[in-house]
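Heads up: the structure comes next, in structure tokens.
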Amino acid sequence: MSIAENIRTVTQRLEGTGCRLIAVTKTKPAAMLLEAYQAGCKTFGENRVQEMVEKYEQLPKDIDWHLIGHLQTNKVKYMAPFVRLVHSVDSFKLLQEIDRQAAKNSRVIECLLQIYIAREETKFGLSFDEARELLAAPETAGLAHVRIVGLMGMATFTDDREQIRAEFRSLKQFFDSLKKGSLPANAEMRELSMGMSGDYDIAVQEGSTLVRVGSSIFGSRQ
Ligand SMILES: *Cc1c(COP(=O)(O)O)cnc(C)c1O
């Protein structure tokens, strides 16, 4: 199947759900991204800043670039001029640096708080309590150049689809509870980024608004 056909398959599955596709292009050459772009996909997710910057420089400028992987504060400055959405904010320190670099570029950068929902040691993210604390902190409300627009989570890497469903469901419940509660002026709960190639069908059923799909479109990675 071609990249264009794979994109069509995924977007057909998302039709009518209100959920949008982020094509995850990490490790893939710019030529493949261009193929996806020509098939109408203009939202790409990368997990490394340097790779995203290199591709940004090579490709058309109407692409929305999403940073989906773990982010170090010293890398924020390289992507601050153009990044559309950062999915992986997992500390106040990181949020503060994004704010600082966004200010330098006269921008407001949209961010998601990454929440730890998996039963794995290796994944990054805030606990529910840590996320609540971050949202309630006066320091957060003072950041004028970031906007927290929702949450991101990754389910455990497992064949147990009921476990995956339960993890996504717990994140959606947390998302809904935050939405009902009081949030600082620079935060709102409108995006819920959950679901990848192996589990995005479940994520959509559980209320995802953004799925991050790589290998189902571009083939497996080395
Ligand atoms: C690589 C990656 C994806 C996409 O994974 P696939 O299984 O290839 O769809 C989604 N989210 C994050 C955070 C990733 O690093």
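Summary of computed values
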item	result
Residue count, segment 165-207 (criterion: closer than 30 Å to P138 by Cα and more than 12 Å from the ligand (Cβ to nearest atom))	27
Members of segment 209-222 found to be in contact with a helix residue (DSSP H, G or I) (Cβ under 7 Å, 6 or more places away or on another chain) and either assigned to a helix (DSSP H, G or I) or not basic (K, R) (or both), listed by number	V211, V213, S216, I217, F218
E110 being more than 16 Å from the ligand (Cβ to nearest atom), within 18 Å of L178 (Cα to Cα) and assigned to a strand (DSSP E or B)	yes
Of all residues in segment 131-146 being under 18 Å from K180 (Cα atoms) and among the charged types (D, E, K, R), the one that is surrounded by the fewest Cβ atoms within 10 Å (Cβ to Cβ)	E133
From G150, G195, residue being assigned to a strand (DSSP E or B), in contact (Cβ under 8 Å) with a residue 24 or more places away in the chain and at positive phi	G150
Segment 167-222, residues that are of a type in the set (V, I, T) and in contact with a Ser or Thr (Cβ under 7 Å, 6 or more places away or on another chain)	V204, V213
Pairs, first open to solvent by 10 Å² or more (accessible area, probe 1.4 Å) and modelled with pLDDT under 95 in segment 207-222, second more than 8 Å from the ligand (Cβ to nearest atom) and in a loop (DSSP other than H, G, I, E, B), C-beta under 8 Å, six or more apart	R221/T27; R221/K28; Q222/T27
Within segment 22-64, tally of residues that are within 18 Å of G198 (Cβ to Cβ) and open to solvent by less than 20 Å² (accessible area, probe 1.4 Å)	5
Filter result for R165 (among the charged types (D, E, K, R) and within 18 Å of the chain's Cα centre (by Cα))	no
Qualifying residues in segment 76-93 (those that are in a helix (DSSP H, G or I) and among the aromatic types (F, W, Y)) - the one least open to solvent (accessible area, probe 1.4 Å)	F92
Qualifying residues in segment 208-217 (those that are among the polar types (S, T, N, Q) and near the ligand (Cβ under 8 Å from one of its atoms)) - the one farthest from A4 (Cα to Cα)	S215
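Conditions (1) more than 21 Å from S215 (Cα to Cα); (2) away from the ligand (no atom under 16 Å from the Cβ); (3) in contact (Cβ under 8 Å) with a residue 12 or more places away in the chain, marked per residue:
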residue: L14; (1), (2), (3): no, no, yes
residue: E35; (1), (2), (3): no, yes, yes
residue: C41; (1), (2), (3): no, no, yes
residue: E46; (1), (2), (3): no, no, yes
residue: K55; (1), (2), (3): no, no, yes
residue: P81; (1), (2), (3): yes, yes, yes
residue: R84; (1), (2), (3): yes, no, yes
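The values are calculated or read from the model by the stated rules, or taken from the named source; none is laboratory data. It should be emphasised that the depicted structure is a prediction, and the values quoted were computed from it without experimental measurement. We place every Cβ from the backbone using ideal geometry, glycine too, and count neighbours over all the protein chains shown. These accessible areas exclude ligands, DNA and RNA; they are computed on the full protein's heavy atoms, side chains included. Shrake-Rupley method; radii C 1.70, N 1.55, O 1.52, S 1.80 Å.
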